[in-house]
Amino acid sequence: MALLLDRCNDSYALLLLNCRQGKVRLTKWYSTYSQKERTKAIRELSGVILSRGPELCNFVDWRGRKVVYKRYASIYFCMCIDVDDNELEVVQIIHHFVEILNIYFGSVCELDLIFNFHKVYYILDEILIAGELQESSKRAVSRLIDAQDSLVEMAKEEASLIRSMIAQVTK
Amino acid sequence: MSSQGGWGQSKDFLDLVKSIGEARSKAEEDRIILRELEALRRRIAEPDVPRRRMKEYITRLVYAEMLGHDASFGYIHAVKMTHDNALPLKRTGYLAVTLFLSEDHDLIILIVNTIQKDLRSDNYLVVCAALTAVCKLITEDTIPAVLPLVVDLLAHRKEAVRKKAVMALHRFYQRSPASVTHLLPNFRKTLCDNDPGVMGATLCPLFDLITADANSYKDLLVSFVRILKQVAERNLPKTYDYHQMPAPFILIKLLKILALLGSGDKQASEHIYNVLGDIIRKCEPSSNIYNAVLYECICCISSIYPNAKLLEAAAEATSKFLKSDSHNLKYMGIDTLGRLIKISPDIAEEHQLAVIDCLEDPDDTLKRKTFELLYKMTKSTNVEVIVDHTIDYMININDNHYKTEIASRCVELAEQFAPTNQWFIQTMNKVFEHGGDLVNVRVAHNLMRLIAQGFSEDEEGADSQLRSSAVDSYICILGDPKLPSLFLQVICWVLGEYGTVDGKYSASYIMGKLCDVTEAHLCDDTVKAYAISAIMKICAFEIAAGRKVEILPECQSLIHELSASHSTDLQQRAYELQALLCLDCRTVESVMPLDASCEVLEVDKNLSFLNDFIQESIEKGSSPYIPESERPGMSSVSNFRRQNEASSHMLRFEAYGLPKPSPAHLIPQVSVSTSTSNLVPVTEASYYRESSQASKVPSVTDASSADLGTKLRLDGVQRKWGWPTYSSSGQSSTSSTNGVSHVDGVSAQSRDTLYDSRRQQSEVSAEKQKLAASLFGASSGKTVKRATSTHRATKGNTGNAERMAVSTAINPETSTEKAAPPPDLLDLSDDAAPTSTPTADPFQHLQVLIGATPVDNTVKAVGLESPNLMAFYTDIPSGSRKTTSTIHSAVPSIKKAPLQNDETARRVCVNPTGNNPNLFRDLLG
């Protein structure tokens, strides 16, 4: 699986997760591509990345850009960047993202990402905006995500309270 | 079972995700999703869908869209969802629209109002959600609608909102710099924000601004340096630390900015030296993030005004990178070496063997990077070795994009540094042969030009030698059946111009060859055109020399065939040739002068030579000419064309219409040849403009044959003039203002036999050293030890890391049974608090777990020694379960059900939450 992100000069990015067999788990495209282009890009990239051996470097050239990828268990996280970006930094940004996922899900596994892909999107939006790193503090990110979650929870509890009140009244 | 749990997913949804996970092929996956979409299309259109269920439908649409299917029927529902007052629904709506809608989508206009409302909300989370959407959806047209609101948010009490507002403004700047120019001072203000997150975010727009215009921000340099110092001295909150490194991402961004500000500015650079030195010295040299920062430091050092001490440190760091076992670091080392040799070229010598090792590395990425480095360090002494190597490499590349690039690099180097004409021609042949049609058309034109103009200024002999060697090699090559079209064009042109000049080959021999070419490439009209023109030239030279031209039968049939061709261009050329054959010796000589391809053709656009003729006609009573535009009641072609131009110009503003064909294509005879040739699109326009000019002129003017003649000979010549820019820079630039334009080529300084001798070496290591010597020009005595295949020894930490990542814990007991999990359990993951406290280092947690459970040895060892590894799948429960870790690289992801069980089990025992799942079930069940 791979997660792909692309930070070019205009910081447009794409992001996808695909599995060892090339299955896509999550994609995020920061610039406009048609579905056809997306499918083509994913096919090309998974072909390139999945065929690379474990000891090679984590960067590949692709259509005049660079793709940085890192493998975690069966998942490849990939990020497409501009030629003059700092590749090592991008590897660390990916790692930063994974650490935050790990904090959020508690040792995160592939299933967490599959079943909670919308959560992953929310977390990603807190870390990267338009392909640029917007927050580098893990605590700040998780605090914000928690705030959003607890608000959701509060709304839910409120609703259930009202529901039960109505139920009591109508009894 | 319908939806249950307040904001979790229904069983349907979980089943969907699961079945996708278990799908064995792409086709199966597609089938599932299509079925799902069909169901959703029906259900989403039902009246009175409960909002919560609608939310789930939207999430499912997102899923389908993510897997590459079209869910556009649901877009409008996602847009509607953003209007909802409840935050969870609103967030889902915003998430869906940011993922669904491209920036030019019509529906965006419907969201703008909602965004405006949400930006004013009291709830900062709503504002945050809206700002995230703003970054994706607001385009140039809609910026004014939200801009004032976003600017107000820069003073919001919550730092998260301020940060996002800055990012949104950054986005606005990227989309339309003009719309936010008046706000630039605001960025300076947010740079001083109390919150490091806001400050860090501000660096993104500032970086863009400084990239565009460094000079207006020089005054900020001191502040940046101060911030950098503060960051490096760990004055930021501890939460910004990353692997014991203080706020590295902010550090890197700052270094990038300083590199821009200090570039070529001695005074500014002096401010930077100290802090750079501090950072290099202070950082822990072990972690990956340190290397990222170090790399950025080197980039900065190589960009600012050079400082000897820092350069030394940079060189040291580079050699550390190159000597590393990690391919990543080697790659970075090659990159930094490329930067440093620009400043001090001697640096490369020390690392020559490391570079050679990288060149022979199995890792293609590293290889490419190394070739890039070689390209940067090419000199006239090592050009032969480098270009030969590059071409050898080029032969095996599959990636067209990269092949094109590397081919043009070879050509550039060959043009700049070619030691001999012979070598140059041979190199170009190789590039064309292997690069095929990927080579830029301009390269072909440059080659023709070079052969025509020659390398040296005064040695006419050398030029003719160049030409005859070109002709010789082309005659040899022509036997090859699979030559790319572009190369054939060059060959035809050269044979036409110079094939018979030195008398080595007879005219009929060359013409026969040219006829063979057209026969072998029946569908390539461009090649045919080149060939027939070449034949015409040869005939002309023969006639002019007073010899009798004997037209071979196959040549005759070729002319016959082409004069009936569908391509008017080919027809034209064939008729011209036939006409030429009937002309007498003197006329032909002035029509087709020998070796005159470099003469400047003066096109008299006013057609002044016709003045006498016109005068005469008017005197005879003809009516004078009225310009088209002044003619009444005529919708003239030019008017039509102008309108067309104007409308196509207008289209650009309206955005994203289909491109109108450019006016040049409106000329009918040209468009015929458009369809037949497959040139690179960029060049097409100019090519056809020329050829249209070429073919139009004779048909219009029926004047003196001399003028007609010069215009007839446009096939090769004109095209060359169409490329006034000479691609390579520096020494080999041309001045083609008058007929005798020249390239002041590089005279071969040393045609040393290093390369040849290298070839003969049988012993591998000696060969390598030789190669190094020829590349770097070092004395062979200096090359000392040779690391025997260093790259093969890279089985260090990285290898272990990967192996570690592969290792997976599965529970053998549960893996056989495949019970469906209770659907509500997974929901817990949503509201469950993170298992570990956010501040705790997850690795410590992991290490403890690994240490406590019986794990495979490798896993354990690596896990302990390299703290930066995450353990996906090694989700060892802190409680009851007994697990065994196995290395299972081949196990596909189908083990989901048992894993899911583990998952839920873990969640249940680890996260006792206050929420009773039954509560939700009551609520919506």
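The values are calculated or read from the model by the stated rules, or taken from the named source; none is laboratory data. Small disclaimer: the values here were computed from a predicted structure and weren't measured. Cβ sites come from the backbone with ideal geometry, for glycine too, and all protein chains shown count toward neighbours.
Any chance the stretch A:98-114 includes a residue that's farther than 23 Å from residue B:295 by Cα, at the interface with chain B (Cβ under 7 Å from one of its Cβ atoms), out of contact with any Pro (no Cβ under 7 Å at 6 or more places or on another chain) and surrounded by fewer than 19 Cβ atoms within 10 Å (Cβ to Cβ)?
no
Out of curiosity, is residue B:178 touching a Lys or Arg at 6+ places or on another chain (Cβ under 7 Å), assigned to a helix (DSSP H, G or I) and farther than 20 Å from residue B:275 by Cα?
Here the answer is no, as residue B:178 does not meet what is asked.
Among B:422, B:416, which is surrounded by fewer than 17 Cβ atoms within 10 Å (Cβ to Cβ) and closer than 18 Å to residue B:387 by Cα?
Result: B:422 is the single residue among B:422, B:416 that is surrounded by fewer than 17 Cβ atoms within 10 Å (Cβ to Cβ) and closer than 18 Å to residue B:387 by Cα.
Is it the case, given these coordinates, that residue B:225 is crowded, with 22+ Cβ neighbours inside 10 Å and of a type in the set (A, V, I, L, M, F, W, C)?
no
Quick check, is residue A:117 out of contact with any strand residue (DSSP E or B) (no Cβ under 8 Å at 6 or more places or on another chain) and closer than 23 Å to residue A:71 by Cβ? Walk me through how you get there before you give the answer.
Details: out of contact with any strand residue (DSSP E or B) (no Cβ under 8 Å at 6 or more places or on another chain): no; closer than 23 Å to residue A:71 by Cβ: yes.
Taking the combined requirement at face value, the residue does not satisfy it.
Which helices (runs of 4 or more DSSP H) does the stretch B:3-95 wholly contain that include 2 or more residues that are within 11 Å of chain A (Cβ to nearest Cβ) and modelled with pLDDT of 90 or more? Walk me through it before giving the result.
On the way: elements: B:11-22, B:26-44, B:51-66, B:75-82.
Where helices (runs of 4 or more DSSP H) fall fully within the stretch B:3-95 and carry at least 2 residues being within 11 Å of chain A (Cβ to nearest Cβ) and modelled with pLDDT of 90 or more, they are B:51-66.
Yes or no: the stretch B:483-491 includes at least one residue that is farther than 19 Å from residue B:443 by Cα and either touching a residue at least 60 places away in the same chain (Cβ under 8 Å) or not in a loop (DSSP other than H, G, I, E, B) (or both).
no
Give me the residue from the stretch A:98-119 that is at pLDDT below 85 and of a type in the set (Asp, Glu) and, out of that set, nearest to residue B:22 (Cα to Cα).
A:110
With the checklist (1) crowded, with 17+ Cβ neighbours inside 10 Å; (2) facing another protein chain (nearest Cβ under 9 Å) in hand, flag the one item residue A:67 doesn't pass.
Of (1) crowded, with 17+ Cβ neighbours inside 10 Å; (2) facing another protein chain (nearest Cβ under 9 Å), only one is false for residue A:67: (2).
Going by the conditions given, is residue B:380 in a loop (DSSP other than H, G, I, E, B) and small (Gly, Ala, Ser)?
Yes: the conditions hold for residue B:380.
Identify all residues within the stretch B:312-327 that are surrounded by 24 or more Cβ atoms within 10 Å (Cβ to Cβ) and within 11 Å of chain A (Cβ to nearest Cβ); write none if there are none.
Selection gives B:321 alone.
Among B:298, B:272, B:334, B:252, which is the only one that is away from chain A (no Cβ under 14 Å), at pLDDT 90 or above, assigned to a helix (DSSP H, G or I) and within 29 Å of residue A:136 (Cα to Cα)?
Just a single option satisfies the conditions, and that option is B:272.
Could you run through the stretch A:35-59 and say how many residues are at the interface with chain B (Cβ under 8 Å from one of its Cβ atoms) and surrounded by 23 or more Cβ atoms within 10 Å (Cβ to Cβ)?
Count: 3.
Would you check if there is a residue in the stretch B:389-401 being of a type in the set (Ser, Thr, Tyr), within 11 Å of chain A (Cβ to nearest Cβ), free of Cβ contacts under 8 Å to residues at least 60 places away in the same chain and surrounded by 19 or more Cβ atoms within 10 Å (Cβ to Cβ)?
No, the stretch B:389-401 contains no residue that is of a type in the set (Ser, Thr, Tyr), within 11 Å of chain A (Cβ to nearest Cβ), free of Cβ contacts under 8 Å to residues at least 60 places away in the same chain and surrounded by 19 or more Cβ atoms within 10 Å (Cβ to Cβ).
Taking the stretch B:191-222 as the region of interest, how many residues are loosely packed, with under 13 Cβ neighbours inside 10 Å and either under 31 Å from the mean Cα position of the chain (by Cα) or more than 24 Å from residue B:164 (Cα to Cα) (or both)?
7
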